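Asker: Before I ask anything, here is the structure I am working with.
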Amino acid sequence: MAHRGLSRFNVSALAFGLAFLYLPIVILVVYSFNASRLVTVWGGWSTRWYGELFNDRAMLEALWMSLRVALLSATLATGLGTLAAMALARGERFRGRTLMSGMLYAPLVMPEVITGLSLLLLFVALDAGRGFWTVTLAHTTLTMCFVAVVVQSRLAGLDRSLEEAAMDLGCAPARAFVAVTLPLLWPAIAAGWMLAFTLSLDDLVIASFTTGPGAATLPIRIYSEVRLGVKPEINAICTLIIGFITVLIVGASLASKLSRGRGESAAPL
């Protein structure tokens, strides 16, 4: 069979796709160092707006609110999503299993407006004060299904004979899960947590339905200010978030490679 290299068309299409995705981000990062107050006029290099950002109390409070919500909701979603994936992938057949899986994966295809409005009506019916906890529960509901999909796909590819061998050697089922299954699931669990964290940090629609006075997340704050014009501080805080997410992804990738390398070195010849 003849080897087919990349054609000029394929290279051009790939370059156009990457430029379409990442060029706006590059422009945003560059203009975060713009000395001019007008974000569309280049006035030279400066870190002025990063200093202004740290004096913007409202923006920093919204960032702290978003980080707290994202950390807590991602952790809750990871725990619940992992348990749900275990029940669907390793549990015995039970009545209502199809209904349960359908309800678990419904938020994947449900428009966020409908999900946000439904949660709003639920919190109003429960007479729950909207704020940090309602946004956290809403984001947990949204992101749990994504974690379940990632973990369940990993469980489908695992060799169950490893767990059976551990139990044959005297491990209880819980001990076999902790010692054998959980380390093998760890990359998928970490990926699910990062996905849930990013989705929570990015969400605007559901948070706008479930938040209350004094509990605005960063996307809500940015959206409310962008309607009046883009401030240079917005470019600065977006650049910081991009850097944080990049460091998180690179760190997770290095940790995954390190753990894989340790596993290969520990494997018997």
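The values are calculated or read from the model by the stated rules, or taken from the named source; none is laboratory data. Being a predicted model, the structure only gives us computed values, none of them experimental. Please note: Cβ atoms are built from the backbone with ideal geometry, for glycine as well, and neighbour counts cover all protein chains shown. All accessible areas refer to the heavy atoms of the entire protein, side chains included, with ligands and DNA or RNA removed. Shrake-Rupley method; radii C 1.70, N 1.55, O 1.52, S 1.80 Å.
Asker: Just give me the residues in region 203-224 being within 17 Å of LEU121 (Cα to Cα), part of a helix (DSSP H, G or I) and of a type in the set (Gly, Ala, Ser), in sequence order.
Answerer: Listed by number, the residues that qualify are ALA207, SER208.
Asker: Still on this structure: Could you pull out the residue among ARG4, ARG8, ARG68, ARG37 that is modelled with pLDDT under 85 and under 25 Å from ALA216 (Cβ atoms)?
Answerer: Numbers: ARG4 fails: under 25 Å from ALA216 (Cβ atoms); ARG8 fails: under 25 Å from ALA216 (Cβ atoms); ARG68 fails: modelled with pLDDT under 85.
Being modelled with pLDDT under 85 and under 25 Å from ALA216 (Cβ atoms) holds for just one of ARG4, ARG8, ARG68, ARG37, which is ARG37.
Asker: Please go through region 137-159 and give me each residue that is over 18 Å from LEU104 (Cα atoms) and hydroxyl-bearing (Ser, Thr, Tyr), ordered by number.
Answerer: Within region 137-159, no residue meets the criteria.
Asker: Answer with yes or no whether GLY243 is under 21 Å from SER73 (Cβ atoms), of a type outside the set (S, T, N, Q) and either open to solvent by 40 Å² or more (accessible area, probe 1.4 Å) or part of a helix (DSSP H, G or I) (or both). Break it down into steps so the answer makes sense when it comes.
Answerer: Working: under 21 Å from SER73 (Cβ atoms): no; of a type outside the set (S, T, N, Q): yes; either open to solvent by 40 Å² or more (accessible area, probe 1.4 Å) or part of a helix (DSSP H, G or I) (or both): yes.
Answer is no for this residue.
Asker: Quick one: which helices (runs of 4 or more DSSP H) sit completely within region 1-100 and have at least 1 residues that are over 30 Å from LYS231 (Cβ atoms) and in contact with a Phe, Trp or Tyr (Cβ under 6 Å, 6 or more places away or on another chain)?
Answerer: Where helices (runs of 4 or more DSSP H) fall fully within region 1-100 and carry at least 1 residues being over 30 Å from LYS231 (Cβ atoms) and in contact with a Phe, Trp or Tyr (Cβ under 6 Å, 6 or more places away or on another chain), they are 57-90.
Asker: Confirm whether MET144 is at negative phi and open to solvent by 50 Å² or more (accessible area, probe 1.4 Å).
Answerer: Numbers: at negative phi: yes; open to solvent by 50 Å² or more (accessible area, probe 1.4 Å): no.
No; evaluated as a whole, the condition is false for this residue.
Asker: I'm trying to understand the selection: among the residues of region 162-192, which are in contact (Cβ under 8 Å) with a residue 60 or more places away in the chain and either on the phi > 0 side of the Ramachandran plot or open to solvent by less than 50 Å² (accessible area, probe 1.4 Å) (or both)?
Answerer: LEU185, ILE189, ALA190, ALA191, GLY192
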